Amino acid sequence: MLFTSYRFIAFLALLFLVYYLIPKRFQWLLLLAADVLFYACAGWKGLVFLCVTVLVSWLAGMLMGRSFKEQKSFLKSPEGKALPREERKVWKKKRESYRKFVLTLALLADLGILAALKYTNFFISNVNSLFSAELAGVDWVLPMGISFYTFQTVSYLIDVYWEKVEAENNLLRVALFTSFFPLLVQGPISRFGDLKETLYAEHSFDFKGFSFGMQRILWGYFKKLVVADRLLPAVKALCGAPDQYNGAFALIGALFYAAELYADFTGGIDITIGVAQVLGIEVKENFIRPYFSRNIAEYWRRWHISMGTWFKDYVFFPMSAAPRLMKLSKKIRTRWDGFGRKMPVYLSTLVTWFLTGLWHGAAWNFVVWGLLNAVIILIAEEFKPLSTRFREKFPRLTGSFGYRVFEILRTFLIMCSLRMLDCYRNVPVSFKAFGSVFTAGKWREAFSGALLELGLSVWDYRIAGLGVLLMFLVSVLQERHGSVRELLWKKPALPYVVFPVLALLVLCFGAYGVGYDASQFIYNQF
Amino acid sequence: MTTKQKIKTWLPLCLCLVLLAAAVWFLGRLTQPKYMSGVLEGAMTAEYYEEKTPHDVIFIGDCEVYENFSPVTMWREAGITSYIRGTAQQLIWQSYYLLEDAFRYESPKIVVYNVQAMKYSEPQSEAYNRMALDGMRLSVSKLGAVRASMTEDEDAISYLIPLLRYHSRWQELTQEDWTYLFRRDKVTVAGYLMRADVKPMKRLPSVPILKDPDIGEACWEYLGKIQALCEKHGARLILIKSSSIWPHWYDEWEEQISAYAAEHGLDYINFLPLQDEIGIDFTTDTYDAGLHLNLYGAEKASAYFARLLADAYGLEDHRGDSAIAADWEEKCAQYDALLDAQLRELEEYGYLKSWTLGNDRP
């Protein structure tokens, strides 16, 4: 069930209605039923894998939770208190090992399913090219949103293991957390600790929440249908023929892709958060106007925040503070002090970004994309003292609006360049296309009618352009004043006007229906 | 929340929703193609609802009914009241639902179904679906027709909310869309789409090899449904194969239709072997080299069919009924005026310029 299908809209309308009509204590069960229905529409085979992940996570969480409870009650009991210190330590270590064993097994199962279903063909193709073998690829089902729900369950398991959250004993509640349908398609990757209060709570109808949610949903559809899907044919054409469309076209393609991806992904997240908001459920933001970032590190704190924090919390921090790595760092420091100090962070950054790339897709272009991000972040880190000195020496210049715009544009163009790897899905082709921007020219050709041969008419460009402009203006408003909806809410009639106006804009200028390809959200594939 | 607060909150929202619905309706009407020039076939379905008097005969089927039979000629010949609920490439399930829709308004004695469209047993083209179904009034029949006709890319809801289908047409709106926003001109006379020009058949086109001679299951199912519907409403179903040279009517199809008609007690009239008896001459009686009859061919076929219906089926001559006669006099006048206009156009340009979307002769 595509977010942009009429079926999904009907599904939502019915869900919203029933949700507030039934007794509140059944609301979360209704959501679970809706999840099952939503997921089943994408194929029952995927549902089977989802159920296995839920079952494994619930069981492991429960076992770890029980172990914690037993440990606490034993240590508090007279019998536990009577134990000598050393024996207590041994006893505790035993319980800890047991929990570690449970966690490892559960992670192996959850991540194993993800790895097997998503990365087997990648593995086979690499074996084939490395050893000139001819192993046949597999045709296994790739459950919808597997990367998202697997990461959610992994975070749940580790948080239980770290005692950040209490284990949930109710299987159905774990199932709802794992499969909550708005998040299932493209995140945000939510944490159990953030969601549990709001997800299982009883929600009364709140007009403001409903109104905000509906506005957010419509704004999401606007971004997706008016901007992203309208630009899609041009992006496909430009990225599909890199030999023909090089030089200026490659840069134009990268810029179009930046607009399309942003509108597509943030549009999807707007729909997700809006749906949750109508249901009274709070979901954390996943984007904070990333194209206004002044450096790459800031960009990644603003773009796909839930993924970034996930990797930071569950890969980067544990790895950079891992005892073995610390030991190695100590050893290196004896010879190369500076490098030895930085090594754990550098290595963790590279591994984190390698995995981030791999998470995006089972292909080398994603891996290279991830590693390049890491390299740029590390280079920026190395140049930080220089940059700080520069700022101190030229405070007026670096504090000016123009310098800020320069930094924003520089960051934006670097990200566009990196994203060519995603756009062309091929490492050599991407590098060639990037190089051609500086060597092949074709500027005159690009602006003498060739852009009208990409499947977009003059009107399509105008609509997409106005759509991007509107998105930009809203982002500027948000950057200056926070929530635009809160601003509108204070005016007497505006919230009421926004709803029909946005709806009409989407209905009239959206790229949907016969004659347009009903495109999946880009992040669905992850 | 007090009642006053509730009203203050919900009333503006309801008002907005009503305004939104009105805007969607208006924009849908504006962007929906009007079919008042060039491709007129899309305007035919809606015209049926403007009929003032009931009909003894209802034709259903594709272009071979609305081009090859003239209800005005049948009236003039034998006082038979008839209407053609034909549309371009009308598939059999569309014929069924259009007939079901017609039975909501009247009780014809005879239903004539042209079997040519039975060569299609699956949905074909969105454009033809739209021309056949957009004009239908909202009813269970329309919903059934939409569900049966949709191609893979289509959504049923866009037949109910036209803006969902035609939203991108705002780029190509013309004066016609504004002129015919709330009204339509008549493009047919009792469902007959007149063509007075002549394009003779010069040589017989080659006959393609028939890959699958069997008529599809869905077609038989709907033919059965049409028969049952006629029986339910006390109408007699006549199957016909109308006059044409091409597309070729294969012997295999003929055998299957004849066998079905014999088995189910239906009359089947194949006009192809009767063409000489009717007097159809494909050097003068067709406007597209044998695919369809022109006015002169249609008048010959209609006169023949009217006599047959009057003689063999005992259809009443309504020319003595003043109310009905008055309505048909209007139709005759419209028919003659339309013919005059086309003849004038032919004299002036040598072809029907109004049929070529303002372009030069194709």
Which net charge results when you count Lys and Arg as +1 and Asp and Glu as -1 among the other residues whose beta-carbon is under 11 Å from that of B:PRO123? -4
Distance between region A:400-442 and region A:1-66 - C-alpha centres, whole angstrom: 40 Å
Given R₀ = 41 Å, FRET efficiency for A:LYS236-A:THR439 by Cβ-Cβ distance, to 0.05? 0.95
Where in region B:156-199 does accessible area fall by at least 30 Å² between the isolated chain and the complete protein assembly, at a 1.4 Å probe radius? B:LEU163, B:LEU164, B:ARG165, B:HIS167, B:TRP170, B:GLN171
Taking loop as defined by DSSP and a crowding limit of 15 other beta carbons within 10 Å, which chymotrypsin sites (Phe, Trp or Tyr not before Pro) in region B:243-347 fit? B:TYR250
The size of the Cβ-based charge dipole (Lys, Arg +1; Asp, Glu -1) of region A:384-526 about the Cα centre, to the nearest 20 debye, is 780 debye
May I ask you to derive the relative contact order of region A:293-424, considering only C-alpha pairs under 8 Å and at least 6 residues apart, and to give it as an integer percent? 29 percent
Using 0.36 nm times the number of residues separating B:VAL140 and B:TRP246, minus their current alpha carbon distance, what extension gain do you get? 34.6 nm
Surface share of carbon and sulfur [accessible, 1.4 angstrom probe, percent] for chain A: 66 percent
Checked the protein assembly as shown with the C-alpha gyration tensor, a ≥ b ≥ c its square-rooted eigenvalues, rounded below a/c of 1.5, otherwise prolate if a/b is larger than b/c and oblate if not; verdict prolate
Among GluC sites (Glu not before Pro) in region B:91-163, those in a DSSP loop whose Cβ has at most 12 other Cβ atoms within 10 Å are B:GLU152
Cα-centre dipole for region A:20-204 with unit charges at Cβ (Lys and Arg positive, Asp and Glu negative), debye to 20: 900 debye
Pull out the extension gain between A:PHE394 and A:GLU96, defined as 0.36 nm times the separation in residues minus the alpha carbon to alpha carbon distance; nm, one decimal. 101.8 nm
Normalised by the residues of chain A, what does the relative contact order come to in percent, with Cα pairs under 8 Å and at least six apart? 19 percent
Two decimals is fine: what is log10 I(q)/I(0) at q = 0.10, 0.11, 0.14, 0.15 Å⁻¹ for chain B, from a Debye sum with one equal scatterer on every Cα and no solvent? -0.65, -0.78, -1.26, -1.44
What's the magnitude of the charge dipole for region B:271-323 around its Cα centre, counting Lys and Arg as +1 and Asp and Glu as -1 at the beta-carbon? Answer in Debye, nearest 20. 40 debye
Give the Cα extents of region A:119-226 along the principal axes, in whole Å, largest first. 63, 45, 20
Given the C-alpha centroids of region B:72-122 and region B:253-285, what is the distance between them in whole angstrom? 17 Å
Taking Lys and Arg as +1 and Asp and Glu as -1, residues besides B:LEU27 with C-beta under 13 Å from its C-beta add up to +2
Expressed in nanometres to one decimal, the distance between label points 7 Å along Cα→Cβ at B:GLU172 and A:ARG419 is 3.2 nm
In Å², nearest 10: area of A:VAL283 left accessible to a 1.4 Å probe: 20 Å²
Can you give the relative contact order of chain B as a percent, counting alpha carbon pairs under 8 Å and 6+ residues apart? 25 percent
Got a number for the accessible area of A:PHE256? Probe 1.4 Å, square angstrom, nearest 10. 40 Å²
Which order do A:LEU47, A:LEU231 take by accessible area at a 1.4 Å probe, largest first? A:LEU47, A:LEU231
Setting aside same-chain residues fewer than 8 positions from A:LYS196, which aspartates and glutamates have a Cα under 12 Å from its Cα? A:GLU166, A:GLU168, A:GLU282
In nm, give the distance between the simple-model label positions of B:GLU277 and A:LEU135, each being 7 Å from the Cα along the Cα-to-Cβ direction. 7.6 nm
Calculate, for the protein assembly as shown, the solvent-accessible area per residue in square angstrom, rolling a 1.4 angstrom probe over the heavy atoms of the protein chains. 48 Å²
Quick calc, A:TRP44 & B:ALA259: beta-carbon distance into FRET formula, R0 35 Å, rounding 0.05, result 0.20
Accessible-area loss of at least 30 Å² (1.4 Å probe, chain alone to full protein assembly) applies in region A:481-505 to A:TYR496, A:PHE499, A:PRO500, A:LEU504
FRET efficiency (A:VAL476, B:GLU316; Cβ distance; R0 56 Å; to 0.05) is 0.15
Region B:292-318 and region A:272-294 have their Cα centres apart by a whole-number Å value of 70 Å
For A:LEU83 and B:ALA326, extending 7 Å from Cα along the Cα-Cβ vector and measuring point to point gives, in nm, a value of 10.6 nm
Residues with amide H under 5 Å from that of B:VAL112, placed H, sequence gap 5 or more: B:ILE58, B:PHE59, B:ILE60, B:ILE238
Taking the Cβ of B:VAL112 as the centre, find all other residues whose Cβ is under 12 Å away and add up their charges (Lys, Arg: +1; Asp, Glu: -1). +1
Chain A - mean residue ellipticity at 222 nm from DSSP helices (-39,500 (n - 2.57) per run, n ≥ 4, rounded to 500): -24000 deg cm²/dmol
Taking 0.36 nm per residue of sequence separation and subtracting the Cα-Cα distance, how much length would be gained by fully extending the chain between B:GLU347 and B:VAL207, in nm to one decimal? 46.9 nm
Extent of region A:228-364 along each principal axis, from alpha carbon coordinates, in Å, largest to smallest? 58, 50, 30
Please report the buried accessible area for the interface of A with B, total over both chains, probe 1.4 Å, in Å² to the nearest 100. 1900 Å²
Just the Cα atoms of region A:1-44: what Rg and Dmax do they give in Å? 11.0, 30
Return the loop-located trypsin sites (Lys or Arg not before Pro) in region A:92-165 (DSSP other than H, G, I, E, B) with at most 16 other Cβ atoms within 10 Å of their own Cβ; answer none if there are none. A:LYS164
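The values are calculated or read from the model by the stated rules, or taken from the named source; none is laboratory data. Since this is a predicted model, take the numbers as computed values, not measurements. Positions of Cβ are generated from backbone atoms using ideal geometry, with glycine treated the same way; all protein chains shown enter the neighbour counts. Surface accessibility is based on the protein's heavy atoms, side chains included, excluding ligands, DNA and RNA. Shrake-Rupley method; radii C 1.70, N 1.55, O 1.52, S 1.80 Å.
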